[in-house]
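Below: the structure, in structure tokens.
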Amino acid sequence: RSPETQELLLAILRAVDETLSDVLEFDVYLPSYSDPDEAHLKLLACITDGLIDATSGEGCGDKERAVLSSLNTALQLNHRLVHGRLAGVIYLGCACLSNQPTVANTLLLNIAKTYRELRQTLHFLNACRTTFQSSEGCSSILSCGNVVEMLAMAYQTCPPGQLKEIWEFFDGWVVQVVSKADQDASLIELSFVVRMFILFAKNIRTSKYNSAELRFLTENSLVMSMSQLIGNARTDDSETSRDRVAFASLGFDLCGWLVDLHARCCFWIDGESAFRTSVMSQGVNGSASLNIVDYLRNVAKSVTSNGFEQWMNRA
């Protein structure tokens, strides 16, 4: 595009940004207003789609700043305007965090806040997962402290009926990433999903009503997805081996917080100290429960290195 065309596009985007701001400020449009055949919503959706398509993904300058500001306004007007293309909006916000930190952070924070209030945190998470399909995804969102705090609040206030669905989402994501052929890309994505999984596990509020289900989910993850991360982490000089060690390191981080959650669940189920109940072999209603001490001992034995074995032989 010629410089003249670029200047014209920037002027249009700024005008759209100002117009949408006026619409929001003066309540020109509200979802509660009469809107036959959703004509007004369709017009705003057309504008929003045009804003997303106007970004090239190359750099993040004044044009992208105007688009981010407009998308933030559109989100506040009606979340349905960005709902169907949320992954693209999140990716754009993360891509611009370094060059346009204020406006990008504001957009990402309002997205997290909106979907927390809507009790649709899983849709937000699915959008984050989609960003990794063709790029490095949205890993930089975890550098935004206020967004992380908003997600923590979302998990703390998550309806009990959604906990299993979100848990299985993270569990499945871990297994899927570990099985990818591109180890370099997988490590970036895996680091993100493990940190997000840990954030979820840390902020779940356990009670006597949800602890039995949560303990079952925790034990299932400790046996299934953790084995994918930590298993076969013996080291040599190959790149594949180094990647496996990196996976195992992430696995240990996740393992610690899963054990912590398991102990909190045992407290509510068994009514005794968290440590004592977490190592019991008998679960609720006579069902078998994971022995955490034995589990951790086996994990430690499974992750060995040639160097460590040589040191043991010399000792």
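The values are calculated or read from the model by the stated rules, or taken from the named source; none is laboratory data. Not measured: the values here are computed from a predicted model. Neighbour counts run over all protein chains shown; Cβ positions are idealised from the backbone, glycine included. Just so you know, the surface numbers come from the protein's heavy atoms only, side chains and all, with ligands and any DNA or RNA stripped out. Shrake-Rupley method; radii C 1.70, N 1.55, O 1.52, S 1.80 Å.
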Over every pair of different alpha-carbon atoms in segment 1-62, take the mean of 1/r and invert it; report that Kirkwood radius in Å.
-> 13.5
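Ignoring ligands, DNA and RNA, what percent of the accessible area of segment 37-140 is carbon or sulfur (1.4 Å)? The partial results should precede the final answer.
On the way: 2110 of 4540 Å².
With neighbouring chains kept in place, the figure for segment 37-140 is 46 percent.
Express the accessible area of segment 91-203 per residue in Å², computed with a 1.4 Å probe while the remaining protein chains stay in the model. Can you show the working numbers first?
Values: 4590 Å² over 113 residues.
So segment 91-203 comes to 41 Å² accessible per residue, rounded to a whole number.
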Per DSSP, the loop-located chymotrypsin sites (Phe, Trp or Tyr not before Pro) within segment 6-104 having at most 14 other beta carbons within 10 Å are Phe26, Tyr33
Using only Cα positions of segment 130-207, each an equal point scatterer, no hydration layer, compute I(q)/I(0) via Debye at q = 0.21, 0.23, 0.25 Å⁻¹ and quote the log10 values to two decimals.
-> -1.00, -1.13, -1.24
Which FRET efficiency, nearest 0.05, do Arg119 and Val245 yield, Cβ-Cβ r, R0 51 Å?
-> 0.85
Taking segment 93-228, how many lysine pairs are there with alpha carbons less than 22 Å apart, if each pair must be eight or more places apart or span two chains?
-> 4
With Rg from the Cα atoms and Rh as the Kirkwood inverse mean 1/r over Cα pairs, segment 42-191 has an Rg/Rh of 0.96
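Are there any GluC sites (Glu not before Pro) in segment 50-122 that are in a DSSP loop and have at most 13 other Cβ atoms within 10 Å? List them by number. Write down the numbers at each step before the final one.
Working: sites: Glu58, Glu64, Glu117; in loops: Glu58.
When the GluC sites (Glu not before Pro) of segment 50-122 are filtered for loop state and at most 13 Cβ neighbours within 10 Å, Glu58 remain.
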Semi-axes of segment 88-170's equivalent ellipsoid from the Cα gyration tensor, sqrt of 5 times each eigenvalue, largest first, rounded to whole Å?
-> 22, 15, 9
